[in-house]
Amino acid sequence: MTSVLGNKFAIAGLAVATAVVGYCIYFDQKRRSAPDFREKLAEKRRLQKKREEEERKAQVQADGSPAPETLRDQRALKQYFVDTMAAGQEAMQQGEFDKAAQCFVNALRVYQDPAALLQVLKQTVPPELFMQVVQQLQALQAKAQQGGAQ
């Protein structure tokens, strides 16, 4: 009795699997033969390319500072600040103080009130990391003054 019941389940399972595969083949062929299939595919690729280009423009420059396009867009600037602060905190937790200091300096460069953020950093980060941040800020100021004097 059980072998007959097992055979029935096997046949039913095989029939369901065949129906599913046939369904997939039928609708794939129908989709590919649609007159606007290639147009939709090209449009999808064009949108993907445009999205990737926008993301690339929003990326940071080699020195870690935001790209000029990011500086013009307030939403992108806020997102850059949040991402940079998060990266700095993560690096600080992992003990990578040089990387954390660079991230915090980049965040300070775009924040609307750097003095207030510097006070918050002074209270929340280890003293040696805070000193690195201050030293990097001083180096940036000296570099900017040298560039302005020339």
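The values are calculated or read from the model by the stated rules, or taken from the named source; none is laboratory data. Predicted model, so just to flag it, every value in this text is computed and none were measured. Positions of Cβ are generated from backbone atoms using ideal geometry, with glycine treated the same way; all protein chains shown enter the neighbour counts.
Just a few scattered comments:
- Within the range 62-91, residues that are surrounded by 15 or more Cβ atoms within 10 Å (Cβ to Cβ) sit with their Cβ atoms under 8 Å from residues that are at pLDDT 80 or above and outside any helix (DSSP H, G or I), at 6+ positions apart or across chains, in these pairs: 81/111.
- Residue count for the range 50-88, restricted to those that are among the hydrophobic types (A, V, I, L, M, F, W, C) and at pLDDT 75 or above: 7.
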